[in-house]
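Remarks on the structure that follows.
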Amino acid sequence: MKKGSAMTTNHVIRIVTTPALVFILISAAFAGGWAIVTLDDFPEYAVAGKPVNLTFAVRQHGMTLLPGLHPTIRATTATGLTSKANVVPAAGRGQYTAALTLPQQGEWTITIASGFNDSNVPLPAVKVIAPGAPAPSPFSPPTRGLRLFRSKGCIGCHRHIEVNPERVTDAKLDLTGKRFPQDYLKRFLADPSIKPAEMPNLKLKSDEIEALAAFINKLASKTREEVQR
C-alpha cells in the first residue's frame with residue numbers, strides 16, 4: 001500500500017472511531033449508576049393556585065453532582081388530578097429548580113424523575129389548602145424528620161421501617177430501631193466528615209438536624225422486632 005493510501009486509511013479509521021469513543025465515554029460516565037435527589041426545602045403545606053418553588057440537586061451514588069440532566073416533576077391526587085412543572089438548571093452545579101402549581105386543595109403526591117437512568121423519587125404527601133384558609137399546625141419534630149428523611153435523599157442509601165420498609169440494604173445502613181448518642185448524631189448530620197463515610201454534606205439547617213435526629217432516635221427504645229410488628 002502506498003504511503004498516501006495508508007494515511008488516508010488511518011484518517012478514515014480515526015473519523016469512524018471518534019464518535020464511537022465519545023459514545024463509550026459518555027456511556028461509561030452514566031452506566032451502572034443510581035442517583036438521589038436532595039431538596040433544599042420541602043413545604044409542609046401549599047396553597048391552591050400559588051406556585052411552590054422546588055430546588056433540588058441530583059447526586060450520582062449519593063455523592064457526585066450531575067449537571068446537564070433533564071428532570072421532570074409530576075404531582076397527582078388520589079382522584080386522578082395531575083400537575084406538572086417545567087424544570088430548569090439552577091445556579092449551582094447539578095442543581096435544578098421548578099415552580100409547581102397545585103391547582104386544587106387536597107392531598108398531593110409529588111414525584112421527581114431525576115433524568116438519570118430510572119431514578120424516580122416520590123416525596124411526602126403535601127396538603128394543599130384553599131386561599132385564605134388557616135395554615136395547618138406544624139409537624140412534630142419526629143414527623144418532620146420522617147419527611148426530611150425522604151426529601152433530603154436519605155432513602156437513597158438508608159432504610160427505615162417507617163419510610164421505606166421494602167428497601168433491602170446493608171445492615172449498617174438500616175436505621176430502624178438503632179440508637180445514637182443525640183449530640184454525636186447532630187454533629188454527624190451537620191458534618192459527615194467527622195466519620196469517614198460516603199455521605200454528602202447537605203448543609204442542613206439546625207432545625208432540620210433537630211428533626212432528623214428526633215426521627216432517627218424516636219424508635220430506639222424499642223427492639224427491632226417490636227418496631228416491625
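We did not get these values from a lab; they are worked out from the coordinates using the rules stated. A quick note: this is a predicted structure, and the numbers were derived from the prediction, not measured.
The string of couplings for the stretch 202-207 from the Karplus curve (6.51, -1.76, 1.60, θ = phi - 60°) is 8, 6, 5, 6, 4, 6 Hz, one whole number per residue in order, with x for Gly and Pro. Rounded to the nearest 5, the antiparallel percentage of DSSP beta bridges internal to the stretch 42-129 is 90%. Taking 18 Å as the limit for the C-alpha separation, the pairs Lys127/Lys203; Lys50/Lys127; Lys50/Lys84; Lys152/Lys186 exceed it in the case of Lys127/Lys203. If you take the Cα centroid of the stretch 71-132 and the Cα centroid of the stretch 161-188, the two points sit 27 Å apart.
Annotation: aspartates and glutamates with alpha-carbon distance below 12 angstrom to Lys205 (same-chain offsets under eight excluded): Asp40, Asp41, Asp191.
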